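Taking it in order: structure first as structure tokens, then the write-up.
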Amino acid sequence: MASLSEKPGQRFTVPDWHSNSALISANAERQRSASHQVRQEARALRDETSNQTKWDEDDNRSRLADRISSLNRWKETLGRCLADVDAEIDALAQVKGAAERALQAKNLPLAVSIECLTLRESRRAIDLVRDAVEEELHREVKGIEKTKRELQQRVTEAFEQLCRLQEARQQLSQDHRHKVEALEVDHVCSSLSISSPNISCKVNPARVPGRATALDEWQQSSQGNKERAEAEMRASAELREAVALAVAQAHNELEAQRVATEFAFRKRIRDLQRAHGELKWQEQSTLEEITELQEDIRRLEEDLRGKTQHLKLAHTRLETRTRRPGMELCRDQVQYGLADEVYQLEGTIRALRQKLLESQDVLDSLYRHLHRIQTDLGYKANSLQLDNKCMASRKKLLVPAEKLLPELDTFNPTTSR
């Protein structure tokens with residue numbers, strides 16, 4: 001008879017089975033508790049790091065905005081200072097040019113005075129006397145030579161000041177250009193976000209470049225460039241005043257001396273001088289009117305070009321709006337406004353062109369009349385030469401006073417004294 005077989009292996013008791021189940025349950029509870037703790041810590045860490053990352057990015061974005069604002073302020077400040085320096089350079093160059101023209105203009109009076117002295121050496125017998133005219137001529141020669149030395153010194157000072165202004169302008173221009181480039185870089189950085197396609201990890205991004213400077217040094221550098229430019233502009237303005245005054249004084253002194261020297265000659269040719277002076281005034285007035293009309297024509301042409309650009313803008317906007325899709329292609333207020341703008345600009349351009357043609361016709365008439373005046377001046381000059389050689393030489397000095405004076409200072413409105 002067959003017997004019941006038993007599987008080999010260890011047999012556990014019921015308490016062992018309960019103990020094992022309890023141990024498994026306890027381990028499960030402990031593992032779940034540990035997992036819960038890790039999960040809570042992970043969530044807290046995620047929240048903390050997310051907030052920290054967000055605030056850090058917001059703080060740096062704000063810092064970038066503040067830096068951009070600071071750069072903008074400095075860029076505008078340096079730009080204004082640069083424009084002022086350019087204006088001062090132009091003003092000083094004009095005054096220097098006026099001084100050079102005045103210096104050049106002294107060559108003719110000096111040559112005429114020496115020529116008159118030489119001519120008077122040809123007097124004979126009792127007429128070869130040291131009279132008042134000869135004394136005035138000697139005094140005139142000395143005065144002209146002294147004036148030339150003073151004007152040459154002022155021209156040299158103006159040239160040196162122009163060099164210093166150009167150096168200050170170069171530093172300002174470089175600083176301004178660096179500000180513009182830095183603004184572009186910071187604008188690019190401000191526009192980046194985590195979704196930007198061109199971001200990546202870099203090698204040692206927090207390194208300090210070797211040429212980096214401190215913020216105080218940056219501030220002091222720009223402030224120093226600005227202050228130096230302002231100091232040079234102040235010095236230039238003072239020099240312009242001194243040069244203008246020297247030119248005016250030189251002209252006034254020499255003019256007074258010329259009047260004293262020529263006093264003995266005026267009786268015989270008074271009428272011719274009056275007619276000659278009137279024509280010179282007419283010539284100067286005509287030249288001034290031509291200059292003003294040319295400036296107005298230039299402004300008309302600039303305005304005409306500007307209106308043409310506005311017309312192109314309106315045309316482009318109208319043409320671009322024709323590409324609106326579907327029902328969006330409606331005749332809205334913008335459409336009517338742009339059309340009215342086109343009509344208005346076309347009328348304005350026609351009026352400007354008409355006025356430009358009229359101005360050019362008037363300019364041609366002025367040039368024809370100026371030629372007539374200059375021709376008549378030649379006739380009068382020829383008549384003056386016929387009186388005598390000495391007085392004919394003196395007539396070369398009859399140049400209108402305003403041609404010898406520097407122009408009005410448009411940068412720092414002061415008139416020459």
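The values are calculated or read from the model by the stated rules, or taken from the named source; none is laboratory data. Small disclaimer: the values here were computed from a predicted structure and weren't measured. Cβ coordinates were reconstructed from backbone atoms using ideal geometry, including for glycine residues, and neighbour counts include every protein chain displayed. Each accessible area value is taken on the protein alone, full model and side chains, heavy atoms only, with ligands, DNA and RNA left out. Shrake-Rupley method; radii C 1.70, N 1.55, O 1.52, S 1.80 Å.
Points worth noting:
- Matching residues, segment 57-116, being open to solvent by less than 30 Å² (accessible area, probe 1.4 Å), over 30 Å from SER193 (Cα atoms) and of a type in the set (Ser, Thr, Tyr): SER113
- Just one of the listed residues (ALA264, ALA275) is in a helix (DSSP H, G or I), at pLDDT below 85 and out of contact with any Lys or Arg (no Cβ under 8 Å at 6 or more places or on another chain), namely ALA264.
- Of the residues making up segment 326-355, those that are assigned to a loop (DSSP other than H, G, I, E, B) and at pLDDT 80 or above number 1.
- Of residues in segment 34-91 being free of Cβ contacts under 8 Å to residues at least 60 places away in the same chain and under 25 Å from the mean Cα position of the chain (by Cα), the one nearest to MET233 (Cα to Cα): ALA83
- Output for segment 285-302, where each listed residue is closer than 16 Å to SER365 by Cα, in contact (Cβ under 8 Å) with a residue 12 or more places away in the chain and open to solvent by less than 40 Å² (accessible area, probe 1.4 Å): THR286, ILE290, LEU293, ILE297
- Flag if GLU181 is open to solvent by 50 Å² or more (accessible area, probe 1.4 Å), under 30 Å from the mean Cα position of the chain (by Cα), farther than 30 Å from LYS96 by Cβ and at pLDDT 80 or above: yes
- Failed condition for GLN174, given (1) of a type outside the set (D, E, K, R); (2) over 30 Å from LEU397 (Cβ atoms); (3) assigned to a helix (DSSP H, G or I); (4) open to solvent by less than 60 Å² (accessible area, probe 1.4 Å): (4)
- Filter result for THR53 (assigned to a helix (DSSP H, G or I), open to solvent by 80 Å² or more (accessible area, probe 1.4 Å), hydroxyl-bearing (Ser, Thr, Tyr) and at pLDDT below 85): yes
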